[in-house]
Amino acid sequence: MTSDGALALYVHWPFCVSKCPYCDFNSHVRESVDQAQWRDALLADLAYEAEVQRDRLSSIFFGGGTPSLMPPQTVAAIIEAAERHWGFGPDIEITLEANPSSVEAARFADLAAAGVNRVSLGLQSLDDKALRFLGRAHDVTEGLAALETAQNVFDRVSFDLIYALPGQSEAAWQAELSRALSFGTGHLSLYQLTIEPGTRFAALAAKGDLEIADPDHSATLYELTQVMAEAVGLPAYEISNHARPGEESRHNLAYWRYQPYLGVGPGAHGRRAGTVTQRHKKPENFLSGLARNGHGIVEETRIDPGDKGIEALLMGLRLHEGVDLTRIAALAETAPENLIDERALARLSAQGLLTREGDRLRVTREGMLLLDRILAELVSVPA
């Protein structure tokens with residue numbers, strides 16, 4: 001894994017076809033969309049970003065929303081424009097996020113022909129009861145049919161699962177993960193259920209109607225996950241992401257390694273040239289802003305060097321490879337010893353939660369279970 005000269009592009013398609021318990025864009029459910037208008041809008045927003053930063057692209061990620069319902073012609077037009085504006089690095093990764101429905105799977109061949117070479121499927125569970133709890137529209141049979149189609153069409157396939165669900169036993173997760181690993185994909189995202197404020201799950205938990213997994217049980221499931229995934233050649237390269245060597249998500253690595261990325265489309269974030277960009281979230285506001293200013297940006301903020309250092313540490317320590325303190329100190333315009341609390345480092349290292357070799361600092365596997373606590377203690381935040 002290298003970190004030289006990578007520029008990532010994120011394209012956000014905001015429209016959904018059904019409401020989702022996690023989605024911030026439920027107001028964007030549409031039965032129909034003016035496809036020509038939105039293709040032109042995304043291409044115009046793309047062209048604006050090309051005037052700001054010109055490095056070659058290492059990855060493109062189509063997210064949403066329901067990006068797998070974008071017309072393949074629109075996807076192809078964006079990919080062609082991106083190559084024209086920036087040029088592509090060797091073996092560029094072009095990922096599309098997809099729900100595992102039969103409707104979306106029917107488009108996979110056309111999306112591959114448009115230039116997509118990697119798909120990330122939101123399976124989330126291999127248990128129908130759990131899928132209903134998670135609010136998913138697909139069932140296991142439909143999800144696995146979409147996975148089979150994806151594996152027949154795309155060069156690289158990833159899917160995600162959520163574990164530590166209410167009432168999920170160690171044996172149940174072991175059986176589900178064993179089945180998931182048998183499909184042979186080169187990448188898996190394995191997330192523990194988290195209760196985010198303002199969600200349906202948070203409301204249920206507050207009323208006592210949702211059983212949250214005990215921390216010790218969650219830790220047991222996490223350790224089981226590491227052992228089983230490593231045994232089939234899918235070690236964790238990030239706290240929740242596993243891959244065969246060489247099949248890590250290049251796009252997500254750009255985020256975690258604190259490399260520049262461009263965000264295009266309603267609600268998209270970007271970070272380039274020392275600046276954070278935020279696009280209008282509401283599609284109508286995005287279109288009006290684009291017509292008025294030539295781009296969909298609603299807010300553009302310079303990043304303070306100290307904040308760069310903090311953000312780079314918080315993101316990079318999620319990775320198994322850890323961080324290069326000299327590189328981050330250069331971003332923060334400070335000395336490496338000013339980035340972290342040395343006393344906390346000594347204490348956490350003695351507990352086997354951190355290791356440091358020269359300027360390379362990383363969290364151990366045992367430490368990943370306590371990552372939030374470690375980051376709070378370790379990272380020096382200026383007063």
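The values are calculated or read from the model by the stated rules, or taken from the named source; none is laboratory data. What you see is a predicted model, and the numbers here were worked out from it, not measured in a lab. Note that we place each Cβ from the backbone using ideal geometry, even for glycine, and neighbour counts take in every protein chain shown.
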Tell me, which residue of segment 182-215 that is surrounded by 18 or more Cβ atoms within 10 Å (Cβ to Cβ) and modelled with pLDDT of 90 or more is farthest from Tyr237 (Cα to Cα)? Leu193
Can you tell me which residues in segment 346-369 are of a type in the set (A, V, I, L, M) and more than 13 Å from Glu223 (Cβ to Cβ)? Ala346, Leu348, Ala350, Leu353, Leu354, Leu361, Val363
Which members of segment 58-88 meet the condition of being surrounded by fewer than 22 Cβ atoms within 10 Å (Cβ to Cβ), in contact with an Asp or Glu (Cβ under 9 Å, 6 or more places away or on another chain) and in a strand (DSSP E or B)? Gly63
Can you say whether Ala350 is small (Gly, Ala, Ser) and touching a Leu at 6+ places or on another chain (Cβ under 7 Å), as far as the supplied structure shows? no
Residues of segment 342-353 satisfying the condition of being surrounded by 15 or more Cβ atoms within 10 Å (Cβ to Cβ) and either farther than 22 Å from Pro215 by Cα or out of contact with any strand residue (DSSP E or B) (no Cβ under 6 Å at 6 or more places or on another chain) (or both): Ala344, Leu345, Ser349, Leu353
Evaluate the following for Thr141: is it among the β-branched types (Val, Ile, Thr) and surrounded by fewer than 18 Cβ atoms within 10 Å (Cβ to Cβ)? yes
For the subset of segment 108-137 comprising residues that are more than 19 Å from the chain's Cα centre (by Cα), at pLDDT 95 or above and part of a loop (DSSP other than H, G, I, E, B), which member is farthest from Pro71 (Cα to Cα)? Asp127
Can you find even one residue in segment 125-144 that is touching a strand residue (DSSP E or B) at 6+ places or on another chain (Cβ under 8 Å), closer than 26 Å to Leu253 by Cα and hydrophobic (A, V, I, L, M, F, W, C)? no
Give just the number: which of (1) assigned to a loop (DSSP other than H, G, I, E, B); (2) in contact (Cβ under 8 Å) with a residue 40 or more places away in the chain does Gly352 not satisfy? (2)
